[in-house]
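Below: one structure, written as structure tokens.
Nothing in this text is a laboratory measurement; each read-out follows from the coordinates by a stated rule. On a predicted model such as this, the values are computed, not experimentally measured, just so you know. Note: ideal-geometry Cβ built from the backbone for every residue, glycine included; neighbour counts use all protein chains shown.
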Amino acid sequence: MKPIIRWSLTLGILINPVSNLGLIQPTPVVALPQSAIVDFLAGFPVYSLINQQGSPVGRQLDDGSVVTPVFMSRREAEAFATELRRIDPETANSYRIQMFPLGRIYEVARQNSSNSNRLFLDYIPNTKELEIARQFVTENGQKYPGDVPLYMAKIASDQSYLTIKQDDQDIVPVFFEKATIDQWINTVSQAQPELAQGITISVISLSSLIANLEKHDNPLLRSLRFWPSEEMMKIIRSNPQNQPQ
């Protein structure tokens with residue numbers, strides 16, 4: 001499983017060509033290998049607060065387990081650090097904000113899952129995006145799924161997912177921002193007007209997606225690719241080594 005839609009595609013302004021759009025039907029189930037999940041999640045950078053020993057900030061539970069926040073945006077991590085400095089300056093000064101691939105943090109948490117001191121991840125969404133997702137879901141008469149919102153485009157008539165071609169494979173984009181998927185759907189609708197009226201947006205949570213990856217293995221899950229958020233695109237553009245060769 002490739003972790004993310006390749007840079008050349010994302011930097012090339014959405015889809016090119018649009019004629020590569022397709023549909024994928026949800027299919028019944030079996031469990032995706034852990035290595036495939038790690039590879040998939042490795043395509044998305046997240047933020048954590050760590051000390052000089054590389055240990056993440058966390059809250060210890062009564063059973064010895066630790067819950068550590070994983071931030072989807074640097075702004076949220078900075079807000080947390082600011083609040084920590086207000087409450088406990090001495091502790092706060094021993095931590096710094098560090099960016100990691102989500103797959104790496106997930107892998108570390110899994111490696112500690114069988115130990116007496118387990119590490120649980122608390123996914124902290126972008127506050128603005130959380131409000132947008134909640135409003136969108138509520139307006140559509142649904143209940144918000146919780147934690148980090150993700151968006152996928154579907155065809156209402158048969159509940160299939162819109163896809164694009166990547167390296168001769170049909171992939172299903174998974175978006176972190178409502179504005180980005182709206183722009184993508186608008187591009188699709190202009191290129192294929194017959195699809196315009198039937199496209200809907202499905203909102204799921206990051207934790208539920210990961211839970212499905214851990215429990216099932218099917219063509220749909222293997223076709224998922226994260227579509228970079230605006231913040232991630234800035235990281236890509238500012239780091240020349242991420243550019244396609």
In whole percents, the bins of 5 Å from zero upward hold the Cα-Cα pairs of the range 94-198 as 2, 9, 13, 18, 17, 14, 12, 8, 5, 2, 1, 0
Sorted by packing (mean other beta-carbon atoms within 10 Å per residue), highest first, where do 73-80, 186-193 land?
73-80, 186-193
So, for the Cα atoms of the range 21-173, Rg and Dmax in Å stand at 18.7, 57
Would you mind getting me the FRET efficiency between Val108 and Leu61? Use the beta-carbon distance for r and R0 = 25 Å, nearest 0.05.
0.90
Please work out how much length the chain gains when fully extended from Ala156 to Ile87, using 0.36 nm per residue of separation minus the C-alpha to C-alpha distance, in nm with one decimal.
20.0 nm
For the range 45-124, just the Cα atoms, rotate onto the principal axes and tell me the three extents in Å, largest first.
34, 28, 21
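Could you sort the peptides 148-154, 36-42 by per-residue average Cβ neighbour count (10 Å cutoff), highest mean leading? Before the final figure, lay out each step's value.
Details: 148-154: 22.7, 36-42: 20.0.
Ranked by mean Cβ neighbours within 10 Å, highest first: 148-154, 36-42.
Taking 0.36 nm per residue of sequence separation and subtracting the Cα-Cα distance, how much length would be gained by fully extending the chain between Asp147 and Asp39, in nm to one decimal?
Working: separation 108, 0.36 × 108 = 38.88 nm, distance 2.16 nm.
Result: 36.7 nm gained on full extension.
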